[in-house]
Amino acid sequence: MWIPQMNSNNLSKNNFVLEEESIINWSQVQLSFQKNFGLEIYNSWLSKLSLINEYHDYLVLEVPTKFFRDWIVSRYLDKILEEIKKNKQSINRIEFKVAEDLRNTEHLHQPFKANVRDIESSSINYNRLNPKLNFDNFIEGESNKIALNSAKRICENLNQYNPLYIYGGVGLGKTHLLNAIGLELKDRSNVMFISAERFMYHFIKSIKKNDMLNFKDLIRKSAVFIIDDIQFLRGKEGLQEEFFHTFNSLIEKNSQIIVSADRSPNQLEKVQERIKSRLSGGLVVDISPPDLELKKKILINRIANYQNEFKESVTISDDILNYLANEVTTNIRELIGVLNRILTFSRVHKKDLSINECKQIIKDVYNQTKVLTIDKIQTVVAKYYDLTLNDMLSQRRSRPLARPRQIAMYLSKQLTTRSLPEIGRRFANRDHTTVIHAVKTINKFYEQNDEIKNDVNKIKTLLLEH
Ligand code: ADP
Ligand code: MG
């Protein structure tokens, strides 16, 4: 029997990975709304939000009316998300359900109930196929044509190429395509759809619970195994080992494997050669950034969907479409985000927007979604403590260096989406366990030591102001 190479003692001592999966504390979130939005806004709007459902990366909230939803989305969405993320970092999206609609359509209650059960048994709920990400609404363009056709061909005829490996940059449609394959096949085959991060989470959890055999069994039962964002496996030795075994046994029994990543197999860092060559052994296709034509098609399609959904006509002029498609260069997720914002504004203000107003909205969107990088955090922390970056990152352990270093690691975990090993690497190649230790230490100090708490809060303000 294969034994995990990861040090399971170490793992069972930390509860970090499990923490990520914690159930959100909604009353805590409400309290932070109250504090950070002010009582007036809180009482009129935010106190009326209720939590219906919770998933790994998004929440479903109930709002009383459509108008209420539009108002909140156009004014407070980013800040709401920000507050929620403080409570549960993995959340990156919010879906609103309108209470009137919920009452009117009885059938909506059924999925709702089913989903509640999902949460209760979330440890066995690996499959999170999103019904909205299907082939019908995936728009074809020059940049994704080959990937789309390969994905469709796999569905018609399994095992033509194994694995199918789709790669490309952020927000270009990889998850959408993988999800579409899952939807297409799920009624015919036993499909498992999982992100590499969740694979890792369940893997570690099953080591802790001494449940490895069940975990492997579950995966090996799948006839179609779809794994998203495989680049997350890099460097995680035990996981790679397990993945490789799973991979081989799935291929041996003729299961179809579909993989996505942000880069090609041979560009994966810290992934064993034999895994890379296995990954390249089927068909490797890429999705490149969209051209203007595709961006416009996607916008037009989204607007049509929006009109259908709201039974309202919206006119967005050609000029504006061109403007948006030119302005948002590569990331389709961002493009759709900006469009949604514009649609909501024009709904709330009941008018078509001018180019200038759109410019303002785009500016707001970019300002609010400011991305913090580890570099930035390191620089700001070092400056705050009057250290050079070299000293702060050095291997020396004296407290005046170690504490700021730990604070920088802690903030990197809290304020970026980087994984623990990635953070470790960026701190002069430290191990992920060092990062875990730093996070725990600062967490503890934050509770018990006012000076550190003040420092952390001041640094955070500095980071968010710049
Ligand atoms: P990735 O996984 O590559 O980061 P996603 O699959 O999450 O990207 O896509 C980001 C967003 O863009 C999603 O909302 C997705 O539905 C949308 N999208 C991407 N490509 C297309 C396309 N060709 N047609 C329609 N929507 C798309
Ligand atoms: Mg994705």
If I compute solvent accessible area with a 1.4 Å probe over the protein chains, what percent of it on the chain is carbon and sulfur? 49 percent
Percent antiparallel among DSSP beta bridges confined to the chain, nearest 5, equals 15 percent
Determine the sum of side-chain charges near Ile423: Lys and Arg each +1, Asp and Glu each -1, restricted to other residues whose C-beta is under 9 angstrom from that of Ile423. +4
Amide N proximity, the stretch 312-335 versus Lys363 label position 7 Å along Cα-to-Cβ, cut-off under 17 Å: 324, 327-328
Accessible solvent surface per residue of the chain, calculated while the other protein chains remain in place, 1.4 angstrom probe, Å²: 51 Å²
Spin-label point model (7 Å from Cα, Cβ direction): what's the Asp262 to Lys350 distance in nm? 4.5 nm
Any idea how far the Cα center of the stretch 137-156 sits from the one of the stretch 295-347, in Å? 22 Å
Three-way shape call for the stretch 268-409 based on the alpha-carbon gyration tensor, with the a/c threshold at 1.5: oblate
Per 0.36 nm of contour for each residue apart, how much would the distance between Lys458 and Asn190 grow if the chain were fully extended, relative to their Cα-Cα spacing? 91.4 nm
Ignoring everything but the protein chains, give the 1.4 Å probe accessible area of Lys236 in square angstrom, nearest 10. 20 Å²
At 1.4 Å probe size, what's the solvent-accessible area of Ser277? Round to the nearest 10 Å². 80 Å²
Total lysine pairs whose alpha carbons fall under 17 Å of each other in the stretch 23-90 (8 or more apart, or interchain): 7
Relative contact order of the chain, pairs being alpha-carbon contacts under 8 Å that are 6 or more residues apart, as %: 13 percent
Grab the DSSP H runs of the chain that are 4 residues or longer, score each as -39,500 (n - 2.57), total them, divide by all residues and round the 222 nm result to the nearest 500 deg cm²/dmol. -18000 deg cm²/dmol
Whether the stretch 26-104 is rounded, prolate or oblate, judged on the alpha carbon gyration tensor where a/c under 1.5 counts as rounded: oblate
Dipole in debye (nearest 20) - the chain, about Cα centre, beta carbon charges: Lys, Arg +1; Asp, Glu -1: 1000 debye
Identify the GluC sites (Glu not before Pro) of the stretch 202-305 meeting these criteria: DSSP loop state and at most 15 other C-beta atoms within 10 Å of the C-beta. Glu269
Okay, which of the stretch 393-422 sit inside 20 Å, backbone N to the point 7 Å along the Cα-Cβ direction of Asn331? 412-420, 422
How far apart, in nanometres, would the label points at Lys66 and Asp431 be if each is projected 7 angstrom from Cα along the Cα-to-Cβ direction? 5.8 nm
Between the residues Pro400, Ala428, Tyr385, the Cα farthest towards the positive end of the dipole of the stretch 374-465, that dipole coming from +1 and -1 charges on the beta-carbon of Lys, Arg, Asp and Glu, is from Ala428
Based on Cβ point charges of +1 for Lys and Arg and -1 for Asp and Glu, what charge dipole magnitude is obtained for the stretch 26-104 about its Cα centre, in debye rounded to the nearest 20? 100 debye
Under 19 Å from Lys359, Cα to Cα: lysines that are on another chain or at least 8 residues apart: Lys295, Lys296, Lys350, Lys351, Lys370
Can you list the aspartates and glutamates whose alpha carbon sits under 17 Å from that of Lys145, skipping same-chain ones fewer than 8 residues off? Asp136, Glu156, Asp286, Asp291, Glu293
Can you tally the net charge around Glu269? Count Lys and Arg as +1, Asp and Glu as -1, for every other residue whose Cβ sits under 10 Å from the Cβ of Glu269. +4
Shape call, the stretch 374-465: gyration tensor on alpha carbons, a/c limit 1.5: rounded
Translational D in µm²/s for the chain (Stokes-Einstein at 37 °C, 0.692 mPa s, Kirkwood Rh from C-alpha pairs): 135 µm²/s
For every other residue with a beta carbon closer than 12 angstrom to the beta carbon of Val314, add +1 if it is Lys or Arg and -1 if Asp or Glu, then tell me the sum. +2
Taking the alpha-carbon centroid of each part, what is the distance from the stretch 162-219 to the stretch 32-47 in angstrom? 39 Å
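The values are calculated or read from the model by the stated rules, or taken from the named source; none is laboratory data. Keep in mind it's a predicted model, so treat the numbers as computed, not measured. Methodologically, a virtual Cβ is constructed for each residue, glycine included, from the backbone with ideal geometry; neighbour enumeration extends over all protein chains shown. Accessible surface areas use protein heavy atoms only, side chains included; no ligands, DNA or RNA. Shrake-Rupley method; radii C 1.70, N 1.55, O 1.52, S 1.80 Å.
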